[in-house]
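Remarks on the structure that follows.
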Amino acid sequence: MRYCPRCKTYTPHKVSIYKAGKRSPLKEGERRHARRLKGYGGSRKPVQKRFAKTTKKVALKLECTKCGMILMTKGIRLRKAEVAR
């Protein structure tokens, strides 16, 4: 049970792990990145050799079963994220 701002009541929510969508090559940031990589000179940012973090941040996607509104949670660090069925 979680509070749904659209229903204004506590309702059961369907929980899933947020996954980023496919990046569009036509967006301004992607075009800028491609333009800077073009020609000689290679990568614009240094390649990271050692990683400080051992875990990734996972955001949860909560969907209200009553109205279908999707809420996102703040990313929390988890070693392994698993949604029980």
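The values are calculated or read from the model by the stated rules, or taken from the named source; none is laboratory data. Small disclaimer: the values here were computed from a predicted structure and weren't measured. Neighbour counts run over all protein chains shown; Cβ positions are idealised from the backbone, glycine included.
Each row is one residue, and each column tells you yes or no for (1) charged (D, E, K, R); (2) in a helix (DSSP H, G or I); (3) modelled with pLDDT under 95.
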position	(1), (2), (3)
LEU26	no, no, no
HIS33	no, yes, yes
LYS49	yes, no, yes
GLY68	no, no, yes
LYS80	yes, no, yes
ALA84	no, no, yes
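Go through segment 8-33 and report how many residues are surrounded by 10 or more Cβ atoms within 10 Å (Cβ to Cβ) and more than 23 Å from the chain's Cα centre (by Cα).
Here the count works out to 3.
Return the residue satisfying two criteria in turn: it lies in segment 1-21 and is assigned to a loop (DSSP other than H, G, I, E, B) and over 22 Å from LYS80 (Cβ atoms), and of such residues it is modelled with the lowest pLDDT.
Residue satisfying both the conditions and the ranking: MET1.
Since LEU78 meets every condition but one in (1) exposed (fewer than 10 other Cβ atoms within 10 Å of the Cβ); (2) in contact with a strand residue (DSSP E or B) (Cβ under 9 Å, 6 or more places away or on another chain); (3) not polar (S, T, N, Q), which condition does it not meet?
Against the list (1) exposed (fewer than 10 other Cβ atoms within 10 Å of the Cβ); (2) in contact with a strand residue (DSSP E or B) (Cβ under 9 Å, 6 or more places away or on another chain); (3) not polar (S, T, N, Q), LEU78 comes up short only on (1).
For segment 51-66, what are the residues that are part of a loop (DSSP other than H, G, I, E, B) and under 30 Å from LYS14 (Cα atoms)?
LYS53, THR54, THR55, ALA59, THR65, LYS66
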